[in-house]
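For reference, the structure discussed in these notes is given below.
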Amino acid sequence: PKGMYNTGLQSGKCLYQLQAERIRRHEILASEMFGSSKSIQWYIMTSEHTKRATVDYFKSNDWFGLNEENIIFFEQEMIPCVSFDRKLIMSSKSSLSRAPGGNGDLYKAIGNEGVLQDMLKKQIRSVHCYCVDNILVKVPDPLFIGCCLERESDCGAKVVCKSHPTEAVGVICQCNGMWKVVEYSEISLETAHLKNEEGKLLFSQGNICNHYFTTSFLEDMVQEKEKQLIHHVAKKNIPTIDGKTGNPGTVQGIKMEKFVFDVFQFAKRFTVLEVNLSDDDDDAVDRIMDF
């Protein structure tokens, strides 16, 4: 699991430990500054390949100083992989090769695994969503969450300005009146170099998979909108076996994925918070946009 990776820091801390310590620090600060005794809930999405190892890792590290009851692990579905000629790929003589359905499977998973119900039961209003492999992520992110709360946004995205026109990062923009993330591979060179009246890149807001949702927005996604999300085709090397010899190997095939930001199109009030990549602190806000 990515969260268990050694980050190469002198401390030897993994991503999970760094994030757990940031959560605990915010709990302490909330208690010292406001007298709050409430805890931050941490929901971690895994797959059938990573859940057991992840849970065991947290147990062996005494939950990194957090309350075990405040950490909820849930599992996303696995989707069969197919070949380019639309045939199912076998991982063994008796089982299909399957893969997680991407981070956009979050919405189906929180419904199926009882996570949304847990959030509503605990009267959670705001959710900060991020990818575990972001070593710099602020967990939670008071500035970002506060920005979205102040503007009564149901959905938000924290972004950084692209360093150059062809940087390999998706950008947040409007397409046919709807907000979405367009991958860098889908943007032409001409479009990538377009500039606004101020001489800055027109499509500059680099997506770092750092998002805000209200639980009411998530409830709507789970109950209604998730069914409208489409799968994206990802061409990958897929583990398989030789049908004649039974020897393991890999084959080029297709994994079907959904992206967590595919729901931006359903936001009624969408906020984008752009920060300075070189110094992501409270004084580094470049601009805030409401839509």
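Consider residue 73 carefully, then state whether it is of a type outside the set (Ser, Thr, Tyr) and over 20 Å from the mean Cα position of the chain (by Cα). Even if it seems obvious, please write down each step before you answer.
Details: of a type outside the set (Ser, Thr, Tyr): yes; over 20 Å from the mean Cα position of the chain (by Cα): no.
Here the answer is no, as residue 73 does not meet what is asked.
Could you identify the single residue in 162, 87, 138, 121 that is of a type in the set (Lys, Arg) and in contact with a Gly (Cβ under 6 Å, 6 or more places away or on another chain)?
Details: 87 fails: in contact with a Gly (Cβ under 6 Å, 6 or more places away or on another chain); 138 fails: in contact with a Gly (Cβ under 6 Å, 6 or more places away or on another chain); 121 fails: in contact with a Gly (Cβ under 6 Å, 6 or more places away or on another chain).
Only one candidate qualifies: 162.
Could you give me the residue pairs with C-beta distances under 6 Å whose first residue belongs to the stretch 107-119 and is under 20 Å from residue 39 (Cα atoms), whose second residue is polar (S, T, N, Q) wherever it lies, and which are 6+ apart or on separate chains?
Between residues of the stretch 107-119 that are under 20 Å from residue 39 (Cα atoms) and residues that are polar (S, T, N, Q), the close pairs are 119/215.
Please pick out the residue among 153, 204 that is hydroxyl-bearing (Ser, Thr, Tyr) and within 16 Å of residue 271 (Cβ to Cβ). Quick ask: steps written out before the conclusion?
Values: 204 fails: within 16 Å of residue 271 (Cβ to Cβ).
Just one listed residue meets the conditions, 153.
Being touching a residue at least 12 places away in the same chain (Cβ under 8 Å) and open to solvent by 40 Å² or more (accessible area, probe 1.4 Å) is the filter; apply it to the stretch 210-227 and report the residue that is farthest from the chain's Cα centre (by Cα).
Just the residues of the stretch 210-227 that are touching a residue at least 12 places away in the same chain (Cβ under 8 Å), to begin with: 210-223, 225-226.
With the extra rule that they be open to solvent by 40 Å² or more (accessible area, probe 1.4 Å), the set shrinks to 216, 219-220, 223, 225.
Numbers: 216: 18, 219: 17, 220: 18, 223: 20, 225: 18 Å.
By that ranking, first place goes to 223.
For the stretch 44-62, indicate whether the set of residues that are over 21 Å from the mean Cα position of the chain (by Cα) and under 21 Å from residue 215 (Cα atoms) is non-empty.
The answer is no; no qualifying residue exists.
With the condition kept exactly as written, say whether any residue in the stretch 24-42 is touching a strand residue (DSSP E or B) at 6+ places or on another chain (Cβ under 6 Å) and within 12 Å of residue 66 (Cα to Cα).
Kept after step one, since they are touching a strand residue (DSSP E or B) at 6+ places or on another chain (Cβ under 6 Å), are these residues of the stretch 24-42: 42.
Subsequent filtering for residues that are within 12 Å of residue 66 (Cα to Cα) retains 42.
The answer is yes, given that some residue of the stretch 24-42 is touching a strand residue (DSSP E or B) at 6+ places or on another chain (Cβ under 6 Å) and within 12 Å of residue 66 (Cα to Cα).
Residue check, residue 253 against (1) surrounded by 18 or more Cβ atoms within 10 Å (Cβ to Cβ); (2) closer than 30 Å to residue 212 by Cα, all met but one. Which one?
(2)
Can you run down the residue pairs with Cβ atoms below 7 Å, 6 or more apart or on separate chains, where the first is in the stretch 22-43 and touching a residue at least 40 places away in the same chain (Cβ under 8 Å) and the partner is open to solvent by 70 Å² or more (accessible area, probe 1.4 Å) and in a helix (DSSP H, G or I)?
none
Of all residues in the stretch 87-107 being over 22 Å from residue 208 (Cα atoms) and among the charged types (D, E, K, R), which is most open to solvent (accessible area, probe 1.4 Å)?
So in the stretch 87-107, the residues over 22 Å from residue 208 (Cα atoms) come out as 87-99.
So of that shortlist, the ones also among the charged types (D, E, K, R) come out as 87, 93, 98.
Numbers: 87: 125, 93: 165, 98: 95 Å².
The qualifying residue most open to solvent (accessible area, probe 1.4 Å) is 93.
I'm trying to understand the selection: among the residues of the stretch 1-26, which are in contact with a Phe, Trp or Tyr (Cβ under 8 Å, 6 or more places away or on another chain), within 15 Å of residue 136 (Cβ to Cβ) and small (Gly, Ala, Ser)?
3
Considering only residues that are within 25 Å of residue 124 (Cβ to Cβ), more than 15 Å from the chain's Cα centre (by Cα) and small (Gly, Ala, Ser), which ones fall in the stretch 151-185?
153
Mind checking whether some residue in the stretch 115-125 is of a type in the set (Val, Ile, Thr) and either surrounded by fewer than 18 Cβ atoms within 10 Å (Cβ to Cβ) or within 30 Å of residue 248 (Cβ to Cβ) (or both)? Give the steps one after another, and end with the answer.
So the first thing to find is which residues in the stretch 115-125 are of a type in the set (Val, Ile, Thr), and the list is 115, 124.
Restricting the remaining residues to those that are either surrounded by fewer than 18 Cβ atoms within 10 Å (Cβ to Cβ) or within 30 Å of residue 248 (Cβ to Cβ) (or both) gives 124.
Yes: the stretch 115-125 contains one or more residues that are of a type in the set (Val, Ile, Thr) and either surrounded by fewer than 18 Cβ atoms within 10 Å (Cβ to Cβ) or within 30 Å of residue 248 (Cβ to Cβ) (or both).
For the stretch 126-151, which residues satisfy the criterion of being surrounded by fewer than 18 Cβ atoms within 10 Å (Cβ to Cβ), under 14 Å from residue 273 (Cα atoms) and among the acidic types (Asp, Glu)?
Once the filter is applied, which keeps residues that are surrounded by fewer than 18 Cβ atoms within 10 Å (Cβ to Cβ), under 14 Å from residue 273 (Cα atoms) and among the acidic types (Asp, Glu), the stretch 126-151 yields only 150.
Step by step: first the residues of the stretch 29-55, then only those that are among the aliphatic types (A, V, I, L, M) and modelled with pLDDT under 95, then the one that is most open to solvent (accessible area, probe 1.4 Å). Which residue is that? Spell out the reasoning first.
In the first step, residues of the stretch 29-55 are kept if they are among the aliphatic types (A, V, I, L, M); the result is 29-30, 33, 40, 44-45, 53, 55.
Remaining after also requiring modelled with pLDDT under 95: 29-30, 33.
Numbers: 29: 56, 30: 29, 33: 129 Å².
Looking at residues that are among the aliphatic types (A, V, I, L, M) and modelled with pLDDT under 95, I get 33.
Any chance you could count how many residues in the stretch 56-86 are of a type outside the set (Val, Ile, Thr), farther than 20 Å from residue 114 by Cα and surrounded by 10 or more Cβ atoms within 10 Å (Cβ to Cβ)? I'd like the intermediate steps shown before the answer.
Applying the first criterion (of a type outside the set (Val, Ile, Thr)) to the stretch 56-86 yields 56-70, 73-78, 80-81, 83-86.
Of the ones still in play, those that are also farther than 20 Å from residue 114 by Cα are 56-66, 80-81, 83-86.
Applying the additional criterion that residues be surrounded by 10 or more Cβ atoms within 10 Å (Cβ to Cβ) yields 56-59, 61, 63-66, 80-81, 83-84.
Matching residues across the stretch 56-86 total 13.
Could you please give the count of residues in the stretch 166-209 that are surrounded by 15 or more Cβ atoms within 10 Å (Cβ to Cβ) and hydroxyl-bearing (Ser, Thr, Tyr)?
2
The values are calculated or read from the model by the stated rules, or taken from the named source; none is laboratory data. On a predicted model such as this, the values are computed, not experimentally measured, just so you know. Neighbour counts run over all protein chains shown; Cβ positions are idealised from the backbone, glycine included. Please note that ligands, DNA and RNA were not included when accessible areas were found on the heavy atoms of the full protein model with its side chains. Shrake-Rupley method; radii C 1.70, N 1.55, O 1.52, S 1.80 Å.
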